[in-house]
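Novice: Below is a structure I'd like to ask you about.
The values are calculated or read from the model by the stated rules, or taken from the named source; none is laboratory data. It should be emphasised that the depicted structure is a prediction, and the values quoted were computed from it without experimental measurement. In this analysis, Cβ positions are derived from the backbone assuming ideal geometry, glycine residues included, and neighbour counts consider all displayed protein chains.
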């Protein structure tokens, strides 16, 4: 058996609904262009379908920690910010909530164990030293993920801090191996502490799979 | 040319040669009477598992959300007896900062059903003798 085919997608709509179109998406779900699209965490001044030639960045809070309120896909083919309306939590002034079908990956094939979502500094997959990923201390990662394969996360959900491949800082998208082509879902948020330094970085989300 | 990455020997004396690292063909291996599972390591050495009730074999790979490539990162070979699993993980790329480098073999024991990443079960077990 060869490695399964993997396609990342996002829900571009305001409907909390599963992808009905497998690896092609549907009227709600769009296929992520792995060569050109990027996910961005931005401030409230950026709106859906704004041109991606400008953006409103999020300001580091004066105290405590705040969730970046809006997430977008920098849709290269459209030249626009495509808002991921349901992304994030309602905690820490976030702009999301109890939403299940937000980010997804279509696994076409079978696996030997449950796929795992990880975060790394870059596609070299060697380090998690960026401050946004905890600066080498995974528990301090600002990027939090929660698996929503089986249920919605709750309104004020908090996720797992993501950095590298350690069991405490990566997220299993389900609890069993994939035995037939399947969509897996997650939600994510970025929580910025007042102690953070200004940054504009591009860490990479990855799916770890096994096959035989 | 296929570089076979493992060999299964059955109690009958018959052998099954696995496929390549990109298509190991573990599903095609007979599910009974396995006497040993040998994995061919880089640099020519062989890791041999024997005297287990069950055997498993799979590849670990990473697909970044950005970029087209699938990075093959680990080879796993596992043996189970008495409801415990011995897991051997061979690292092919240095994904773990400062902890595991290319060629490292990580040996761990798990209760059966907890051997997968995230402490979840794995599929693909085949019977020994």
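Novice: Right, residue A:66: assigned to a strand (DSSP E or B), at pLDDT 95 or above and more than 14 Å from chain B (Cβ to nearest Cβ) or not?
Specialist: yes
Novice: Could you list, in sequence order, all residues of the stretch A:131-148 that are within 25 Å of residue B:73 (Cα to Cα) and either within 14 Å of the chain's Cα centre (by Cα) or crowded, with 22+ Cβ neighbours inside 10 Å (or both)?
Specialist: Within the stretch A:131-148, A:132, A:133, A:141, A:143, A:144, A:145, A:146, A:147 meet the criteria.
Novice: Next up: Tally time: how many residues in the stretch B:1-42 are closer than 17 Å to residue B:88 by Cα, within 13 Å of the chain's Cα centre (by Cα) and at pLDDT below 95?
Specialist: The total comes to 4.
Novice: Quick one: in the stretch A:1-37, of everything that is part of a strand (DSSP E or B) and free of Cβ contacts under 8 Å to residues at least 60 places away in the same chain, which residue is nearest to the other protein chains (Cβ to nearest Cβ)?
Specialist: Applying the filter and picking the extreme gives A:31.
Novice: Looking at B:113, B:44, which one is over 24 Å from residue A:170 (Cα atoms), without any contact (Cβ under 8 Å) to a residue 12 or more places away in the chain and out of contact with any strand residue (DSSP E or B) (no Cβ under 6 Å at 6 or more places or on another chain)?
Specialist: Exactly one residue qualifies, and that residue is B:44.
Novice: Output yes when any residue across the stretch B:79-90 is under 12 Å from the mean Cα position of the chain (by Cα), closer than 19 Å to residue A:126 by Cα, touching a residue at least 24 places away in the same chain (Cβ under 8 Å) and more than 10 Å from chain A (Cβ to nearest Cβ), and no when none is.
Specialist: Yes; the residues of the stretch B:79-90 include at least one that is under 12 Å from the mean Cα position of the chain (by Cα), closer than 19 Å to residue A:126 by Cα, touching a residue at least 24 places away in the same chain (Cβ under 8 Å) and more than 10 Å from chain A (Cβ to nearest Cβ).
Novice: Further, regarding this structure: Could you please give the count of residues in the stretch B:37-78 that are under 29 Å from residue A:124 (Cα atoms) and away from chain A (no Cβ under 14 Å)?
Specialist: Going through the stretch B:37-78 one residue at a time, the tally reaches 8.
Novice: Restricting the search to the stretch A:82-97, which residues are closer than 19 Å to residue A:183 by Cβ and surrounded by fewer than 22 Cβ atoms within 10 Å (Cβ to Cβ)?
Specialist: A:85 - this is the single residue of the stretch A:82-97 that is closer than 19 Å to residue A:183 by Cβ and surrounded by fewer than 22 Cβ atoms within 10 Å (Cβ to Cβ).
Results for (1) under 25 Å from residue A:33 (Cβ atoms); (2) away from chain B (no Cβ under 12 Å); (3) buried (at least 21 other Cβ atoms within 10 Å of the Cβ); (4) modelled with pLDDT of 95 or more, shown as yes or no for each residue.
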site	(1), (2), (3), (4)
A:119	yes, no, yes, yes
A:163	no, no, yes, yes
A:173	yes, no, yes, yes
A:181	yes, yes, no, yes
A:193	no, yes, no, yes
A:197	no, yes, no, yes
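Novice: Among the candidates A:76, A:106, which residue alone is within 14 Å of chain B (Cβ to nearest Cβ) and out of contact with any strand residue (DSSP E or B) (no Cβ under 7 Å at 6 or more places or on another chain)? Give the steps one after another, and end with the answer.
Specialist: Numbers: A:106 fails: out of contact with any strand residue (DSSP E or B) (no Cβ under 7 Å at 6 or more places or on another chain).
Just one listed residue meets the conditions, A:76.
Novice: Given (1) surrounded by 14 or more Cβ atoms within 10 Å (Cβ to Cβ); (2) under 19 Å from residue A:105 (Cβ atoms), where does residue A:70 come up short, assuming only one miss?
Specialist: The number of the failed condition is (2).
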